[in-house]
Amino acid sequence: MNILFVVKEFPHSRVIGGPIIIYNRVKYLARAGHAVSLVAFKPYEPSPEQVESIARYCEDLRLVPPVPRRGAMRRARDFCLGPVPPYFMLNYSEEMYEAIRVMVRDRAYDVAVSEYSMVAQYLYRNPDLEGIRRVMSVHECYYLARRKVRQVQGLSREGLAACLQLKGLKEFEFDMYADADKVLTLTEEGRDELLVIRPGLDISVVPHGVDTEGFRPVERPPGPPTVMFLGNYLHDPNRDAMVWFATEGWPRLKREVPDCRFLVVGRGPTPDMQELARRDPSIVLTGTVDEVQPYFAESDVFICPVRMGGGFRGKVLEAMASGVPVVSTSLGAEGLPALDGENMVLAETPVSLAAEAVRLLRDGEAASRIAANARLLMEEKFSWQHGVEILEKVLLEVVTS
């Protein structure tokens, strides 16, 4: 197959979060003999090493400048007159349309795959893609995510912003999905949520994966008891999760384990996160890191207190593969065969998350048993190759149908 990936954020070998899914899909499909090309927005200037890590697998690689932040007057005009709903205008780019136009003119593609719904708009009713199968990979349904933010945040600034972002969102987003030749979700729960709203969608589940060789248990170096969270904090569900737990759960945990530290790994710590760390030295913000494996190695418990968003949490897979016991909300464990007390621990409030983390910090036998079961699950069902083999089969069916 000749495959074109249209991607929201430039993926490379060292990225964390959703883009690492795309990097591994490209890598394994190319290794399987398919011709893969990719066009992506670049939110920052990547290093030559980062570019090379994905370019080696691409027949054609193009990076489009990020959409500049619009002023208040422009945002107001877009809200009323924009060609797509306000939330999709955040990533609306004529330069991306032009890049796709040039790529399909220069090469005959069998299928175009949009990774993240935000860039599915470039496949939707695009005349330049005539004769090319279109597959939309839904890492997160934006309508459902914005609706959840409105419910959780209420009349806060974030909640009111979500209300405005819902304008026209449901109809446009689900019309996009209905127009595709195939829709992909990361989990069965994600598939079912879409089908409740638009029952006729053609959806296949292609799960996340983890590099079980790159992420593996290692001997923990000496150091204080450590609870870890990982994320891209420019993605608001991650920021919200950290602030929610640090504000309401971490004080409870600190009372029980005074020498414990909260290791918050990942790029884009926001001002409210930085203020929490400034007031409490036991909260450690790393910012962007080249590799996350060393931070798993020095952690005793991985906590995933997410309460918004959707899709698979690659961070949870990485923790489980690294032999770090996971304490998570049920939303954070979405897509996993999570067995409470067997391969992870489930809790739904910051206080209960903290209490379960304390229990694992004190009960080394339980922590080791849960970590070992989780590692076995990763080896058996969640290797990258397993997930990409499913994707390859789905794409072949789409192209040949």
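The values are calculated or read from the model by the stated rules, or taken from the named source; none is laboratory data. Not measured: the values here are computed from a predicted model. So basically every Cβ, Gly included, is an ideal-geometry build from the backbone, and we count neighbours across all protein chains shown.
Of all residues in region 1-31, those that are touching a Lys or Arg at 6+ places or on another chain (Cβ under 7 Å) and buried (at least 22 other Cβ atoms within 10 Å of the Cβ) total 1.
It is to be established whether one or more residues within region 313-330 are touching an Asp or Glu at 6+ places or on another chain (Cβ under 6 Å) and not acidic (Asp, Glu). Break it down stepwise before answering.
Start the filter on region 313-330 by keeping residues that are touching an Asp or Glu at 6+ places or on another chain (Cβ under 6 Å), which leaves 327, 329.
Filter again for not acidic (Asp, Glu), leaving 327, 329.
Within region 313-330 (the criterion being touching an Asp or Glu at 6+ places or on another chain (Cβ under 6 Å) and not acidic (Asp, Glu)), the answer is yes, since at least one residue qualifies.
Name the residue, out of ALA371, ALA355, ALA333, that is surrounded by 20 or more Cβ atoms within 10 Å (Cβ to Cβ) and in a helix (DSSP H, G or I).
It is ALA371.
Spot the failing condition for ILE100; the list is (1) closer than 19 Å to ALA180 by Cα; (2) surrounded by fewer than 18 Cβ atoms within 10 Å (Cβ to Cβ), and only one is missed. Every listed condition holds for ILE100 apart from (2). Filtered by the rule that a residue be among the β-branched types (Val, Ile, Thr), in a loop (DSSP other than H, G, I, E, B) and either on the phi > 0 side of the Ramachandran plot or under 14 Å from the mean Cα position of the chain (by Cα) (or both), region 292-330 gives a lone residue, VAL306. Counting only residues that are farther than 19 Å from GLN293 by Cα and surrounded by 23 or more Cβ atoms within 10 Å (Cβ to Cβ), region 250-268 holds 2 of them. In summary, PRO281 fulfils each of the numbered conditions (1) assigned to a loop (DSSP other than H, G, I, E, B); (2) within 18 Å of the chain's Cα centre (by Cα) with the single exception of condition (2). On the stretch given as region 219-249, residues that are surrounded by 15 or more Cβ atoms within 10 Å (Cβ to Cβ) and within 29 Å of ARG146 (Cβ to Cβ) total 21. Counting only helices (runs of 4 or more DSSP H) that fall entirely inside region 172-259 and contain at least 3 residues that are at pLDDT below 95, the qualifying elements are 188-197, 236-248.
Exactly one of these conditions fails for VAL289: (1) in a loop (DSSP other than H, G, I, E, B); (2) hydrophobic (A, V, I, L, M, F, W, C); (3) more than 16 Å from the chain's Cα centre (by Cα); (4) buried (at least 19 other Cβ atoms within 10 Å of the Cβ). Give me its number. Among (1) in a loop (DSSP other than H, G, I, E, B); (2) hydrophobic (A, V, I, L, M, F, W, C); (3) more than 16 Å from the chain's Cα centre (by Cα); (4) buried (at least 19 other Cβ atoms within 10 Å of the Cβ), VAL289 violates only (4). Within region 1-25, being of a type in the set (Val, Ile, Thr) and modelled with pLDDT under 95 holds for VAL15, ILE16, ILE20, ILE21, ILE22.
Scanning region 16-58 for residues that are acidic (Asp, Glu) and either touching a Leu at 6+ places or on another chain (Cβ under 9 Å) or outside any loop (DSSP other than H, G, I, E, B) (or both) yields GLU49, GLU52. Taking region 42-94 as the range and being surrounded by 13 or more Cβ atoms within 10 Å (Cβ to Cβ), free of Cβ contacts under 8 Å to residues at least 60 places away in the same chain and under 14 Å from GLN121 (Cβ atoms) as the test, the residues that pass are VAL64, VAL67, ASP78, GLY82, MET89, LEU90, TYR92, SER93.
Within region 136-147, is even one residue assigned by TED's automatic domain parsing to the domain that holds VAL183, part of a strand (DSSP E or B) and either of a type outside the set (A, V, I, L, M) or more than 25 Å from ILE203 (Cα to Cα) (or both)? Break it down into steps so the answer makes sense when it comes.
We begin by selecting, within region 136-147, every residue assigned by TED's automatic domain parsing to the domain that holds VAL183; these are 136-147.
Next, only the ones that are part of a strand (DSSP E or B) stay: 136-138.
Next, from what is left, pick out any that are either of a type outside the set (A, V, I, L, M) or more than 25 Å from ILE203 (Cα to Cα) (or both): 137.
Checked region 136-147: at least one residue is assigned by TED's automatic domain parsing to the domain that holds VAL183, part of a strand (DSSP E or B) and either of a type outside the set (A, V, I, L, M) or more than 25 Å from ILE203 (Cα to Cα) (or both).
Every residue in region 206-218 that is surrounded by fewer than 22 Cβ atoms within 10 Å (Cβ to Cβ) and touching a residue at least 60 places away in the same chain (Cβ under 8 Å), please. Passing the criteria: PRO207, ASP211, THR212, GLY214, PHE215, ARG216, PRO217, VAL218.
One residue alone among LEU186, LEU155, LEU164, LEU194 is in contact with a Cys (Cβ under 9 Å, 6 or more places away or on another chain) and either under 24 Å from HIS235 (Cα atoms) or among the hydroxyl-bearing types (Ser, Thr, Tyr) (or both), and that residue is LEU194.
Residue count for region 353-401, restricted to those that are in contact with a Leu (Cβ under 9 Å, 6 or more places away or on another chain) and farther than 22 Å from THR212 by Cα: 10.
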